[in-house]
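Everything on this sheet refers to the single structure shown next.
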Amino acid sequence: GGSAPSLAQGADTNGSGVSILLELARLFSSLYSGSRTQPAYSLVFLLSGGGKLNYAGTKRWLDEHLDLDAASDVLSKVKYVLCLDSLGKDGGLKFHVSKPPKEGSDGAVFFENLRSVSAALYPDLPAPEIIHKKINLADELFAWEHERFSIRRLPAFTVSHLSNPKALDRQTILDTPASISTKVLERNTRLLAEALACSLYPRMEAAAGGEAAGCSGQLFAGSWQPKESSLAGWLNLVTSYPRHPTLISDKNSELTKSLTSALARYVQDVSTVTGHPDRREPEFALYDTPSAVMNIYRVKPAVFDLLLSIVICSYLAVLYLILQNSTTILSVLS
């Protein structure tokens, strides 16, 4: 997308994550709207841009709530941060962490719930696995978005079908909606929704006989189940506009307005935070030309230049010899 901003669709990376987040907001809004089903915890949904710019949008949002706004208590009692990245293609889920969660912690409980739900609903699917990668502050770019939260001492992890953050699937403009499976999106949404529900409602982990049997994943079934049509609609919304930071850094961006409107249908207190590069010490630069004409010129190969040089040199050598021996030549002709 950096070389062609107007073509930056990013269906899997990370349109799939945005689509699942919006679907999760739709599913849990029904639970939070009822007084009897409202859990004791709050869910905060964050859509951030600038992922290719070292997660600049996430950094700006964290700075807003941790440094700039002293009255904000959004991040005062965070149990864990769940980042969604590249979840639109088949494969087992990978649980990327900078520090393995301690046994019994909220992050560890969520992971165990995810494994239990996966085994109960999709026994043929490879079980989710933890991939531990320490944050290397010497690197110019973070590997995953959760690292932005981890360096601020917030427990966070990223769920993805990719094992390697440098996979080619994350760096191509050929990442189009045609490569995404809505069935996989529906499956991953169901897994994440059920695991989150078991974390919000601990009693769901108890089996019918009263013995602890893990999370069985039976809440979002039937009419409550994630819908492929809904996920396809979210994906079409996200990929209908290019999402290069140059194009969405303005509050008047059509995509920003559309996503804000979509999220406002299911959650309360939706707000937008706009970030711009620091003029004194900019970490990145944004240009206001989303598209330009590229000229391609076809040139002769280097061998042609070599042959042409040999011909010219030969011609000049012959001409030089003629001039040097012009008297001899004239006498012979006479």
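Roughly how many whole Å is it from the C-alpha centroid of segment 241-266 to that of segment 98-144?
30
Tell me, for the chain, which Cys residues have no other cysteine's C-beta sitting closer than 4.7 Å.
83, 313 - these cysteines have no disulfide-compatible partner (Cβ-Cβ under 4.7 Å) in the chain.
Got a number for carbon plus sulfur as a percent of the chain's accessible area, 1.4 Å probe?
55
For residue 300 and residue 141, calculate 0.36 nm times their separation in residues minus their Cα-Cα distance, and state this gained length in nm to one decimal.
Contour length minus Cα-Cα distance gives 53.2 nm.
Considering only DSSP beta bridges whose two residues both sit in segment 42-201, what percent are antiparallel, to the nearest 5?
Taking every DSSP beta bridge within segment 42-201, about 25 percent pair in antiparallel fashion.
Under a 1.4 Å probe, what is the accessible area of the chain per residue, stated in Å²?
Ligands and nucleic acids excluded, the result is 60 Å² per residue.
When Kirkwood radius over Cα pairs in Å is calculated directly from the model, which label among (i) 19.4; (ii) 23.1; (iii) 20.2 fits?
Answer by label: (ii).
Rounded, prolate or oblate: which fits segment 1-136, taking a ≥ b ≥ c as square roots of the Cα gyration tensor eigenvalues, rounded meaning a/c under 1.5, else prolate when a/b beats b/c?
Working: a/c = 1.36, a/b = 1.07, b/c = 1.27.
Here segment 1-136 falls in the rounded category.
When a/c is below 1.5 the answer is rounded, else prolate if a/b is larger than b/c, else oblate, so apply that to segment 1-63 with a ≥ b ≥ c taken from the square roots of the Cα gyration tensor eigenvalues.
Note, shape of segment 1-63 comes out oblate.
Under 1.5 on a/c is rounded, so check that first for segment 254-334, then, if it is not, pick prolate when a/b is larger than b/c and oblate when it is not; a ≥ b ≥ c are the square roots of the alpha carbon gyration tensor eigenvalues.
It comes out prolate by the Cα gyration axes.
Per the helix-only calculation at 222 nm, which mean residue ellipticity applies to the chain, given -39500 (n - 2.57) for every DSSP H run of n ≥ 4 and division by its residues, nearest 500 deg cm²/dmol?
Counting only the DSSP helices, I get -11500 deg cm²/dmol.
Report, to the nearest 10°, how far helix 106-121 tilts away from the longest principal axis of the Cα atoms in the chain, using its own Cα long axis and a range of 0 to 90°.
On a 0 to 90 degree scale, this one is about 90.
Per the Cauchy relation, a quarter of the hull surface: what is the mean projected area of the convex hull of the alpha carbons in segment 141-266, in nm²?
On the way: hull surface 43.6 nm².
Convex hull of Cα atoms, orientation-averaged projection: 10.9 nm².
Considering only Cα-Cα distances, which of the following residue pairs are longer than 30 Å: 79/134; 52/79; 102/227; 99/227; 166/300; 52/89?
Beyond 30 Å between Cα atoms: 102/227; 99/227; 166/300.
The values are calculated or read from the model by the stated rules, or taken from the named source; none is laboratory data. This is a predicted model, so every value here is computed, not measured. Glycine gets a Cβ as well: all are built from the backbone with ideal geometry, and neighbour counts include every protein chain shown. In case anyone asks, the SASA skips ligands and DNA or RNA and just uses the protein heavy atoms, side chains included. Shrake-Rupley method; radii C 1.70, N 1.55, O 1.52, S 1.80 Å.
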